[in-house]
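> Just dropping this structure here.
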Amino acid sequence: LSTITTLLIRRLVNKLRMMEQVRAERNQLADLDPELLRDIGIDDVAVRSEAARSVFDLPQSRL
């Protein structure tokens, strides 16, 4: 494979890993106890909104 192809494949794999990581974090957030969420200042609406985001909707800070 050419260097460019290898770099593109590596970039794609890294993005897929990041997508999986963010999906897992959103699922973990959705599974937290409501009392814990209140303790950290997150309401049910924010949790549902975050959990419903597309796997393709990655935070800019994570790109």
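Computed from the coordinates by the stated procedures, all read-outs in this text should not be read as laboratory data. Note that the coordinates shown come from a computational prediction; the quantities given were computed from them, not determined experimentally. Positions of Cβ are backbone-derived with ideal geometry, glycine not excepted, and every protein chain shown enters the neighbour counts.
> Helices (runs of 4 or more DSSP H) wholly in the chain with at least 3 residues that are of a type in the set (Gly, Ala, Ser) and surrounded by 10 or more Cβ atoms within 10 Å (Cβ to Cβ) - which ones?
Values: elements: 3-31, 34-39, 44-52.
Counting at least 3 such residues, we get 44-52.
> Right, something else. Only one of 46, 30, 24 is of a type in the set (Gly, Ala, Ser), at negative phi and in contact (Cβ under 8 Å) with a residue 12 or more places away in the chain. Can you tell me which?
Details: 46 fails: in contact (Cβ under 8 Å) with a residue 12 or more places away in the chain; 24 fails: in contact (Cβ under 8 Å) with a residue 12 or more places away in the chain.
Among 46, 30, 24, only 30 is of a type in the set (Gly, Ala, Ser), at negative phi and in contact (Cβ under 8 Å) with a residue 12 or more places away in the chain.
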